[in-house]
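Undergrad: Below is one structure. I have some questions about it.
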Amino acid sequence: MSITTKLTTTAQSVSNNLKKSPAHQFSLAIILTILGVWGGTFLVTNGYDDVKLEAAKKRTEIFNTYCTIFGAAVTASLGFRQYKNDKKDKQTLFIASEIKEFESKLETVNVTQMLVDELRIVKLFPDADKAKNRTVIVTDDKLKEALEVPLKPLKINEDTDSSRKDDDAYVYAAIRDNFDRFLNHLERFYNMRESGVFNSSDFEAYLSPCIKMIDDADDRSTIKNQIEIYIRNQEYNGVLQLLKEYREKQEQHQSKQNASFKSKFDSLQLFFESIASTL
């Protein structure tokens, strides 16, 4: 097989493999560099006579240098791309793990129930001896009272035989404790987003529903913004910022819908006016 045939075969092999994985591309960069050096050496030892040998060697050294630089650049580029892909995959797995853990927390389940429904059964005392004493019926009125700022003084029942679920002081403290832990998680996720661990699309997909639940619940007539007042008083500034961003997006969306509706209405009105003018 001639050297031309060998080079042609090698080039075809390279072309066929360039579309494969980054690992293949990385290996091919090294092969190209070696091939360039070998090709240059072949040209020196087989293509020139002794008179031109010295000049050919210099040209070959330059050619080999360019091949080395090109191979190093391709290798670095492919290596960096693989590094970015690996980093993104690890980041995605980390975010998914964090969200899964957050969603499985008892405080997340409890607060979600209290935000979604006006009347719900919540497991506020999971460590109670009797199963019937572990859950409490929480209404919007009770939720609003528990989150009042400042909390009204309540007398604690010191009877150790009585159930904590029947004592408003314990119930209100448990509700606030669940909200504090829930809001701490959201505050942490906000800080992660600001530091670049979460990107905007990840945040929208995973955590916007939580912000929507807070906003929807706070709008109920019996609660009357008490949740936001509590968040502000406890200085969960990241959660307040998330609420602000969510409401601004909702206003923008509503504004676009209104503009679209007005445009369609105006078009329809013009259509009927044109028909009326021809009659």
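The values are calculated or read from the model by the stated rules, or taken from the named source; none is laboratory data. These figures come from a predicted structure and were not determined experimentally. Note that each Cβ is placed from the backbone with ideal geometry, even for glycine, and that neighbours are counted across all protein chains shown. SASA here: full protein model, heavy atoms, side chains in, ligands and nucleic acids out. Shrake-Rupley method; radii C 1.70, N 1.55, O 1.52, S 1.80 Å.
Undergrad: Report the extension gain between residue 248 and residue 89 in nm, rounded to one decimal, defined as 0.36 nm multiplied by the number of residues separating them, less their alpha carbon distance. Can you show the working numbers first?
TA: Working: separation 159, 0.36 × 159 = 57.24 nm, distance 3.15 nm.
Net length gain for the segment: 54.1 nm.
Undergrad: Hey, what does the equivalent ellipsoid look like for the range 161-279, semi-axes from the Cα gyration tensor as sqrt of 5 times each eigenvalue, largest first, whole Å?
TA: Working: eigenvalues 395, 89, 21 Å².
Equivalent-ellipsoid dimensions as semi-axes: 44, 21, 10 Å.
Undergrad: Here is a follow-up. Report the rotationally averaged projected area of the range 211-278 based on its alpha-carbon convex hull, in square nanometres.
TA: 6.0
Undergrad: Could you work out the Kirkwood radius for the range 111-235, taking every pair of different alpha carbons, averaging 1/r and inverting it, reported in Å?
TA: Values: mean 1/r = 0.0631 Å⁻¹.
For the range 111-235, inverting the mean 1/r across all distinct Cα pairs yields 15.8 Å.
Undergrad: Suppose R0 equals 45 Å; then what is the FRET efficiency for residue 197 and residue 137 from their Cβ-Cβ distance, rounded to the nearest 0.05? Present the calculation step by step, with values, prior to reporting the outcome.
TA: Numbers: r = 39 Å, r/R0 = 0.86.
The value I calculate is 0.70.
Undergrad: Quick one: if you take sqrt(5λ) for each eigenvalue of the C-alpha gyration tensor of the range 172-234, what semi-axes come out, biggest first, whole angstrom? List each step's numbers first, then the result.
TA: Working: eigenvalues 110, 42, 17 Å².
Working from the Cα gyration tensor, I get semi-axes of 23, 15, 9 Å.
Undergrad: Right, something else. Ignoring ligands and nucleic acids, what accessible area does residue 245 show with a 1.4 Å probe (Å², nearest 10)?
TA: Roll a 1.4 Å probe over it and residue 245 shows about 50 Å².
Undergrad: May I ask for the Kirkwood hydrodynamic radius of the range 108-181, worked out over all distinct Cα pairs and given in angstroms to one decimal? Mind showing how you got there, number by number?
TA: On the way: mean 1/r = 0.0793 Å⁻¹.
Every distinct Cα pair counted, the radius reaches 12.6 Å.
Undergrad: Right, another one. Tell me, how many Å apart are the Cα centres for the range 230-279 and for the range 131-147?
TA: 36
Undergrad: Moving on to the next point. Work out, step by step, the length gained on full extension between residue 123 and residue 216: first 0.36 nm times the residue separation, then minus their alpha carbon distance; give nm to one decimal. Spell out each step's value before the answer.
TA: Working: separation 93, 0.36 × 93 = 33.48 nm, distance 2.22 nm.
Additional length available on full extension: 31.3 nm.
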